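Worksheet for the structure shown next.
The values are calculated or read from the model by the stated rules, or taken from the named source; none is laboratory data. As the structure is a computational prediction, the values presented were derived from the model and not from experiment. No Cβ is skipped: glycine too gets one built from the backbone with ideal geometry, and neighbour counts run over all protein chains shown.
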Amino acid sequence: MTIRLLTALAASAGLAACSGMGAKLPMYSQAALPDAVKVPAGHAVALETVGAGDITYECRPKASTPGQHEWVFVGPDARLTDRGGKQVGRYYGPPATWESMDGSKVTATQVAVAPNGSGNIPYQLVKANPAMGMGAMQGVSYIQRVATQGGVAPAAACDASAVGRKQLVKYQADYIFYRAA
């Protein structure tokens, strides 16, 4: 009887969570992240988003090695959605800009990156510049890029004949926004 009651309660909780009726998602935990990309103490999660879109790369001559070429990151273009899938903003660049649907936006300076497996762009921690406009981005202090999928430079050839060619690469990542606590 106790097992049936627990099963029924668990099922009810699951349905309530799925319906969004008063269910609140747990706050993001950075415990499993590499230390380099952890947000310093004194900051709390303000917003959790999922970014999905494209990263543009361009074939260019290697700056440090004459006669060789490489795919160079040009910029992102992604939709930012909340955990329920509703669009709440955009992420684009250059410069890297996170813009809320309310018009407020921030740019940021990279603090650190850490690997996140083969085929995925790295985890990233950026320190936000003061927000532009009134709204959701006001007071954002740090942004973490986590749960990255895809987005690495193309495998296609990049040589003298391909210089200037651009290629879009699909990616997805969670962007966690923090404010001073």
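Quick notes on this structure:
- Among residues of the stretch 105-116 that are of a type in the set (Lys, Arg), those with a beta-carbon under 6 Å from a residue that is part of a loop (DSSP other than H, G, I, E, B) at least six positions away or on a different chain give the pairs LYS105/MET137.
- Residue check, TRP71 in a strand (DSSP E or B) and touching an Asp or Glu at 6+ places or on another chain (Cβ under 8 Å): yes
- Any hit, the stretch 69-86, residues being among the hydroxyl-bearing types (Ser, Thr, Tyr), surrounded by fewer than 19 Cβ atoms within 10 Å (Cβ to Cβ) and closer than 30 Å to ASP159 by Cβ: no
- When PRO34 is tested against (1) modelled with pLDDT under 95; (2) farther than 23 Å from THR81 by Cβ, exactly one condition is not met: (1).
- Lone qualifier among ALA156, ALA114 - being in contact with a helix residue (DSSP H, G or I) (Cβ under 8 Å, 6 or more places away or on another chain), over 21 Å from VAL88 (Cβ atoms) and at pLDDT below 95: ALA156
- Selection of the stretch 148-178 for residues being touching a residue at least 60 places away in the same chain (Cβ under 8 Å) and within 16 Å of the chain's Cα centre (by Cα) yields GLY151, VAL169, LYS170, TYR171, GLN172, ALA173, ASP174, TYR175, ILE176, PHE177, TYR178.
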